[in-house]
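Asker: Below you will find the structure I want to go over with you.
The values are calculated or read from the model by the stated rules, or taken from the named source; none is laboratory data. Just so it is clear, the model here is predicted, and its values are computed rather than measured. No Cβ is skipped: glycine too gets one built from the backbone with ideal geometry, and neighbour counts run over all protein chains shown. Accessible surface areas use protein heavy atoms only, side chains included; no ligands, DNA or RNA. Shrake-Rupley method; radii C 1.70, N 1.55, O 1.52, S 1.80 Å.
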Amino acid sequence: MTKKEYLRKLLSTIWTDIFPIAPDIISLIENDQASDAMIDSLYLLFHNAIKNTDNTLDKQKLEKWLKFLDKLKSLEEEQDITDQKDINNLDEILKNI
């Protein structure tokens, strides 16, 4: 599951009740129009919203989702680094042919 897929799931299951523009953002994600910068901005928005949530149960639930999103973000970053190394290796191989 990618960061975008997880965010779409998060928005559709939890945030639609408390985040009025969630359906619009879901639409952007589904149409592949949400940039990584936009997703990172949403992450910060969610993080701040969680801090301001008074309901302890909701706060714990949202923090759990956000923690998982953090893990996905890290995994994607690691994969990007690995992919770039592979591309660099392929470029070197092609130069030597």
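Asker: Go over the candidates Asp24, Asp17, Asp36 one by one and state the one that is modelled with pLDDT of 75 or more, open to solvent by 50 Å² or more (accessible area, probe 1.4 Å) and more than 23 Å from Glu76 (Cβ to Cβ).
Answerer: None of the other options fit; the residue is Asp24.
Asker: I'm trying to understand the selection: among the residues of region 19-31, which are within 11 Å of Lys4 (Cα to Cα) and in contact (Cβ under 8 Å) with a residue 24 or more places away in the chain?
Answerer: Ile29 - this is the single residue of region 19-31 that is within 11 Å of Lys4 (Cα to Cα) and in contact (Cβ under 8 Å) with a residue 24 or more places away in the chain.
Asker: Identify the residue in region 40-97 that is out of contact with any Lys or Arg (no Cβ under 8 Å at 6 or more places or on another chain) and in contact (Cβ under 8 Å) with a residue 40 or more places away in the chain and, among all such residues, is farthest from Pro20 (Cα to Cα).
Answerer: Among residues in region 40-97 that are out of contact with any Lys or Arg (no Cβ under 8 Å at 6 or more places or on another chain) and in contact (Cβ under 8 Å) with a residue 40 or more places away in the chain, the one farthest from Pro20 (Cα to Cα) is Phe68.
Asker: Mind checking which residues of region 48-73 are among the hydroxyl-bearing types (Ser, Thr, Tyr) and surrounded by 10 or more Cβ atoms within 10 Å (Cβ to Cβ)?
Answerer: The answer is Thr53, and nothing else.
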